[in-house]
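The values are calculated or read from the model by the stated rules, or taken from the named source; none is laboratory data. Computed from a predicted structure; not experimentally measured. We place every Cβ from the backbone using ideal geometry, glycine too, and count neighbours over all the protein chains shown. We work out accessible area using only protein heavy atoms, side chains counted, and drop any ligands, DNA or RNA first. Shrake-Rupley method; radii C 1.70, N 1.55, O 1.52, S 1.80 Å.
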Amino acid sequence: MADAYVPGLEGVPVTESKISFIDGKKGILEYRGVPIQVLAEKSTFEETAYLLLWGKFPARGELEQFDQELRSHRRVKYGILDLIKCLPNTSHPMDILQACVAALGTYYSARDVADKEENHRSVIRLIAKLPTIVAAFERIRRGDEPVRPRDDLSHSANFLWMLTEREPDPLAVRIMDVCLVLHAEHTMNASTFGGLVTASTLANPYSVASSAVGVLSGPLHGGANEEVVIMLREIGSVEKVRPYIEELIRAKTRIMGVGHRVYKVKDPRAPILQRLAEQLFSQKGESPLYRIASEVERVVVEHLGAKGIYPNVDFYSGIVYDKLGIPLDQFTPIFAISRVAGWMAHWLEQMERNRLFRPEEIYTGEHDLPYIPLERR
Ligand code: SDX
């Protein structure tokens, strides 16, 4: 047994992995050894997902087959759509997503995780179907019928199609695809860890993904992107940034979108998202939120930079999604439809050499106490 309790397992390795690498001091992120900047510029979500899952760039035929498999598994059973219609349309989309991902498992007998062919089918279904579930809830809560997935569109283009039922704009597709690449994987983040704890009992992959969705939904993790935009809207103008942020710092209130357990410099994904935002602004006009966000970054770094607190991936992503016309509470589900690739990569890797996660605790209670009868309490 380790000799000391480490809050939040900070700095404690819980596995060995070849899937991604972070250097928190230098601001480096690599997927299978490839720098995130290179993948954001040159790759697609489909190709990046393949790289994460199987550790190599796919040859043309492999990529075409993987892409075709995803396209042909985008539809969900009508029961999933009926389930969405039965749940409150005021629900948070992450709660709907978690319920539906678990429900997916009721349709597919994936309980034998030693069956590699079934595991492959589960990975394809989860990556292919999460966007359909997210888009279906968006349509249903507006009173519309879900839009059927199209097999002639890429992963990102099809997601935007199902959200809007309009031919997606090429710039919006490219920007969405880069966002999905950026959010696909990030070593042992909380949602990946939560999924792997579930996986370690040999639970089925739909339960693994459902656990991970639940973990991602929290504001300290994937839920921060939504909170950032709420904060920026509340600040309202560049002039109000300094007093607003300095008050949060004085009150020791967590500022959303900044700080990170690993990065002690600016998250390398943040400047890529800033450039995406700027590309969007050149076509669709600037977002007032962006200037406010830039001033928030300046004030935060001025006060907290010395403590290693800088913008993380969630700080600018919401501004991009907002400019794409995506509703605020759908920002984290977009994080999930991307990160499911990383969750599944780690699941496959763990199933090769699984060991049950069962940590210890340091007991601080008492021992051997007597029973106290009711009349004496
Ligand atoms: C993601 O893990 C991953 O890889 C996650 C992710 C991924 O791709 O999977 O990168 C995605 O989840 C990004 C993070 C999104 N969350 C937020 O933006 C929420 C706001 N950030 C914080 O809550 C915080 O920074 C955490 C939770 C992200 C990390 O916090 P830690 O590592 O537990 O740090 P800590 O609580 O020990 O704080 C250390 C110090 C404290 O000051 P002191 O008490 O020592 O004086 O830094 C301060 C904290 O008060 N601090 C902050 C702060 N984050 C840390 N102060 C103000 N605002 C913040 N956001």
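Numerical summary
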quantity: Residue in region 329-339 that is of a type outside the set (S, T, N, Q), farther than 30 Å from Lys252 by Cα, within 16 Å of the ligand (Cβ to nearest atom) and surrounded by 24 or more Cβ atoms within 10 Å (Cβ to Cβ) present; calculated: yes
quantity: Candidate set from region 153-201 (those that are over 25 Å from Leu39 (Cβ atoms) and of a type outside the set (Gly, Ala, Ser)); member that is most open to solvent (accessible area, probe 1.4 Å); calculated: Arg166
quantity: Residues located in region 254-271, provided they are assigned to a loop (DSSP other than H, G, I, E, B) and near the ligand (Cβ under 10 Å from one of its atoms); calculated: Arg254, Ile255, Met256, Gly257, Gly259, His260, Arg261, Val262, Tyr263, Lys264, Asp267
quantity: Gly218 vs. criteria of a type outside the set (A, V, I, L, M, F, W, C) and buried (at least 19 other Cβ atoms within 10 Å of the Cβ); calculated: no
quantity: Close pairs (8 angstrom Cβ cut-off, 6 or more residues apart or separate chains): within 14 Å of the ligand (Cβ to nearest atom) and open to solvent by 80 Å² or more (accessible area, probe 1.4 Å) in region 11-22, modelled with pLDDT of 95 or more and among the hydroxyl-bearing types (Ser, Thr, Tyr) anywhere; calculated: Phe21/Thr187
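Table: residues versus (1) open to solvent by 20 Å² or more (accessible area, probe 1.4 Å); (2) among the charged types (D, E, K, R); (3) in contact (Cβ under 8 Å) with a residue 12 or more places away in the chain.
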{"site": "Phe66", "(1), (2), (3)": "no, no, yes"}
{"site": "Glu69", "(1), (2), (3)": "yes, yes, yes"}
{"site": "Leu83", "(1), (2), (3)": "yes, no, yes"}
{"site": "Asn89", "(1), (2), (3)": "yes, no, yes"}
{"site": "Pro93", "(1), (2), (3)": "no, no, yes"}
{"site": "Gln98", "(1), (2), (3)": "yes, no, yes"}
